Amino acid sequence: MSSHDLPHFDQQAGFKYTAPPNSAWTYGQRVDATVEGKEWLSGERDGWKVVDAGSENPMKLYALMISGILPRPIAFVSTVSATGIENLAPFSWFNQVSAYPPIISISCMNGPPRIKDTVNNIKATKGFTVSIISEAFVENANICSIDAPEEVSEWPASGLTKKSSIHVKPACVKESAFSMECELFKAIDVAHPATGQTTTTLILGLVKYIHVRKDVLTENGTVDPARLKPISRLGDTTYSRLGDGFRLARPSWSQEGEKLQEATK
């Protein structure tokens, strides 16, 4: 379907908090105890498809996994090659690994058609930045996924602005309200157990500095998702923005343990 056939992007729709889906849930309550739960479980009547990951076509397996593991945050990675070529590329296989030390991960497929410039640059120069993509510049970021030759920088085509880093050579994206300067902590080449071929490189980055715009911060010093407006990746070429959010407090055994045990006798 062409984008010309779709409704216009609703600029007025924003993130809001709601009650959780089943705010009356109690310990041990089955999913089919609610109308919504029964409707969800009714999908089982069509049966299950079981995929053997060891024998499935690699591209079909890739398409299935990225459509099922979602939403995924996107790392907008800025690097510089050993010869000084600046690279900018988005990666949706990205997340936080630990808070102390502060380490993030980026997983890069080694092709097609070649090992990613991002991987080669990080291995060679050890420094990179990760900027979070927000609604206002998602098209600018998306153009950076183009399979440009190694000697071509994506920065000019993106229309984005370089913001000088403090600790590493690659620039942050000035339009991003949350960016991290990172050092290479470890690069792990992932080899397929059957073929021995290195198919992916997992980059672990040690966060050295964080740049966060004050206007997206709450009074508690944390980022407000309604102000950051981050974009996430779904399957194929589909992206998503935040809609409704709800809070679920993490239970404490000291406060809830006795009630939990009594309810599930």
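The values are calculated or read from the model by the stated rules, or taken from the named source; none is laboratory data. Because the structure is a prediction, the values reported are computed rather than measured. Cβ placement follows ideal geometry from the backbone for every residue including glycine, while neighbour counts extend to all protein chains displayed. Accessible surface is based on the protein model in full, side chains and every heavy atom, while ligands, DNA and RNA are left aside. Shrake-Rupley method; radii C 1.70, N 1.55, O 1.52, S 1.80 Å.
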Discussion item. Checking the structure you have, find out if any residue of region 87-100 is closer than 15 Å to Ala187 by Cβ and in contact (Cβ under 8 Å) with a residue 40 or more places away in the chain.
Written reply: yes
Practice prompt. Report yes if some residue within region 165-180 is in contact with a helix residue (DSSP H, G or I) (Cβ under 6 Å, 6 or more places away or on another chain) and either under 19 Å from Arg72 (Cα atoms) or in contact (Cβ under 8 Å) with a residue 60 or more places away in the chain (or both); otherwise report no.
Written response: yes
Worksheet, complete the sentence: Within region 120-151, residues of a type in the set (Val, Ile, Thr) and modelled with pLDDT of 95 or more come out as Ile122, Thr125, Thr129, Val130, Ile132, Ile133, Val138, Ile143
Item to complete: May I ask you to list pairs of residues, at least six apart or on different chains, whose Cβ atoms are under 7 Å apart, with the first in region 56-84 being more than 24 Å from Ile133 (Cβ to Cβ) and the second being hydrophobic (A, V, I, L, M, F, W, C)?
Response: Leu61/Ala53; Leu64/Val51; Ala82/Ala124
Fill in: Any hit, region 237-246, residues being out of contact with any Asp or Glu (no Cβ under 6 Å at 6 or more places or on another chain), of a type in the set (Asp, Glu) and touching a residue at least 24 places away in the same chain (Cβ under 8 Å)
yes
Item to complete: Quick one: count up the residues across region 217-256 that are open to solvent by less than 60 Å² (accessible area, probe 1.4 Å), part of a loop (DSSP other than H, G, I, E, B), farther than 18 Å from Ser92 by Cα and out of contact with any Ser or Thr (no Cβ under 7 Å at 6 or more places or on another chain).
Response: 4
